[in-house]
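Have a look at the structure below before the remarks.
Every number here is computed from the coordinates shown, using simple stated rules; none is lab data. In this text, all values refer to a predicted model and were calculated from it rather than measured experimentally. Don't worry about glycine lacking a Cβ; one is built from the backbone with ideal geometry, like all the others, and counts go over all protein chains shown.
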């Protein structure tokens with residue numbers, strides 16, 4: 001079953017974040033992940049959630065998603081993202097495919 005990572009990101013250091021943005025897609029792909037949404041226009045329909053940069057990633061399953069997030073290759077990128085932005089990150093399972 002697919003697993004998803006949803007991140008709301010507010011970039012505080014555009015120069016530092018640019019290096020993260022440049023390097024992370026290759027690593028996501030190596031773990032079988034793909035972008036479903038990244039940035040773009042957003043509109044709040046309910047609630048008072050502030051609009052930030054939104055990223056939605058899909059991975060083949062939760063163990064693979066967690067392997068990506070915890071991988072030694074991602075740790076320097078994670079530190080770079082955390083130093084150049086404020087983020088909220090949520091992971092969750094998808095819905096099983098109907099047969």
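Which residues in the stretch 53-78 have a backbone N closer than 12 Å to a point placed 7 Å from the Cα of residue 22 along the Cα-to-Cβ line?
So the set is empty, nothing qualifies.
Under a crude label model (7 Å from the Cα following the beta-carbon direction), how far is residue 67 from residue 79 in nanometres?
2.4
Identify which of the listed values of volume of the Cα convex hull per residue in Å³ was calculated from the structure shown: [x] 111; [y] 93; [z] 276.
From the options [x] 111; [y] 93; [z] 276, the structure gives [x].
Report the label-to-label distance for residue 46 and residue 13 in nanometres (one decimal), using points 7 Å from each Cα along the Cα→Cβ vector.
Label at residue 46, label at residue 13, 3.8 nm between them.
What 222 nm value per residue comes from the helices of the chain, counting each DSSP H run with n ≥ 4 as -39,500 (n - 2.57) and dividing by all residues, nearest 500 deg cm²/dmol?
For the chain, the value works out to -11500 deg cm²/dmol.
State the Cα centre-to-centre distance between the stretch 45-99 and the stretch 12-30 in whole Å.
13
For the chain, what is the relative contact order in percent, using Cα pairs closer than 8 Å and at least 6 residues apart in sequence?
The normalised contact order for the chain reaches 53 percent.
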